[in-house]
Amino acid sequence: ILNVEQSPQSLHVQEGDSTNFTCSFPSSNFYALHWYRWETAKSPEALFVMTLNGDEKKKGRISATLNTKEGYSYLYIKGSQPEDSATYLCAFSRSNDYKLSFGAGTTVTVRA
Amino acid sequence: GAGVSQSPSNKVTEKGKDVELRCDPISGHTALYWYRQSLGQGLEFLIYFQGNSAPDKSGLPSDRFSAERTGGSVSTLTIQRTQQEDSAVYLCASSVEGVSGANVLTFGAGSRLTVL
């Protein structure tokens with residue numbers, strides 16, 4: 001079992017504010033880091049897959065960065081909207097391993 | 001199909017009963033995964049299929065759990081003699097192929113199991 005930690009566990013954001021949260025993972029034998037968004041009563045939806053140290057990915061107002069040497073990734077939400085309310089999951093895979101080890105998620109609630 | 005379908009979406013059962021959960025992956029996806037999320041926990045890997053074979057069953061929590069996949073498509077997860085600790089959301093996911101850990105998973109909406 002690979003230890004993937006996400007913090008904070010939950011956060012509340014005012015509409016229009018920006019926020020960010022962290023995923024930390026083992027830095028040895030790194031292969032890929034995934035971010036998924038899971039809205040209530042829906043399927044988890046893939047946001048990003050990053051494989052290279054220093055990778056930055058962006059999708060609309062959401063972006064992510066990756067530091068494989070120190071074993072962390074940040075996910076940023078700029079100008080939060082109510083539709084951003086969801087649980088954000090990160091998942092890590094090691095070399096030669098198809099399995100993803102998931103963190104427990106960060107639940108974001110955007111208040112109008 | 002267009003997405004990954006899971007059924008039932010919700011199942012309430014009595015302790016000791018058997019349950020079957022079904023997953024219909026995206027057509028053409030050779031890799032299929034079962035995960036579960038218990039309350040307050042991260043997604044826990046259960047089993048992985050490549051085609052019809054399951055090279056990795058390491059995540060199945062006990063011998064009460066079994067899974068099969070037929071025709072390289074539909075998969076069934078069976079839990080025998082359910083216990084209260086089996087209560088969780090069971091998620092199925094598929095990907096184009098399962099060799100690489102960089103493959104994006106497409107998830108179903110999950111089957112919420114409650115064991116009374």
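The values are calculated or read from the model by the stated rules, or taken from the named source; none is laboratory data. Computed from a prediction, not measured in an experiment: that's the story for all the values here. Note: ideal-geometry Cβ built from the backbone for every residue, glycine included; neighbour counts use all protein chains shown. Calculation scope for accessible area: heavy atoms of the full protein, side chains included, ligands and nucleic acids excluded. Shrake-Rupley method; radii C 1.70, N 1.55, O 1.52, S 1.80 Å.
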Give the distance, in whole Å, between the Cα centre of the range B:1-44 and the Cα centre of the range B:97-116. 7 Å
Cα-only Debye scattering, the protein assembly as shown: base-10 log of I(q)/I(0) at q = 0.09, 0.11 Å⁻¹: -0.37, -0.55
Please get the size of the charge dipole for the range B:1-49, origin at its Cα centre, with Cβ charges of +1 on Lys and Arg and -1 on Asp and Glu, quoted in debye to the nearest 20. 80 debye
Using the basic label-point model (7 angstrom from Cα toward the beta carbon), what is the residue B:10 to residue A:18 distance in nanometres? 4.0 nm
State, as an integer percentage, the relative contact order of chain B based on alpha-carbon contacts under 8 Å between residues 6 or more apart. 36 percent
How big is the charge dipole of the range B:57-116 about its Cα centre, in debye rounded to the nearest 20, if each Lys and Arg gets +1 on its Cβ and each Asp and Glu gets -1 on its Cβ? 80 debye
Just the number: Rg to Rh for the range A:1-57, Cα atoms, Kirkwood Rh, two decimals. 0.99
Mean projected area (nm²) from the convex hull of Cα positions in the range A:5-112 is 6.3 nm²
Can you pull the accessible area of residue A:34 for me, 1.4 Å probe, Å² to the nearest 10? 0 Å²
Suppose R0 equals 22 Å; then what is the FRET efficiency for residue A:111 and residue A:74 from their Cβ-Cβ distance, rounded to the nearest 0.05? 0.50
Arrange the residues B:82, A:51, A:22 by how much accessible surface each exposes, largest first, with a 1.4 angstrom probe. A:51, A:22, B:82
Result for chain B: accessible area per residue, probe 1.4 angstrom, in square angstrom, of 45 Å²
Scattering profile of the range B:43-85 at q = 0.34 Å⁻¹ [log10 I(q)/I(0), Debye over alpha-carbon scatterers]: -1.26
For the range B:1-74, what value does the Rg/Rh ratio take when both radii are computed over Cα atoms and Rh is the Kirkwood radius, given to two decimals? 0.96
Whether the range A:39-98 is rounded, prolate or oblate, judged on the alpha carbon gyration tensor where a/c under 1.5 counts as rounded: oblate
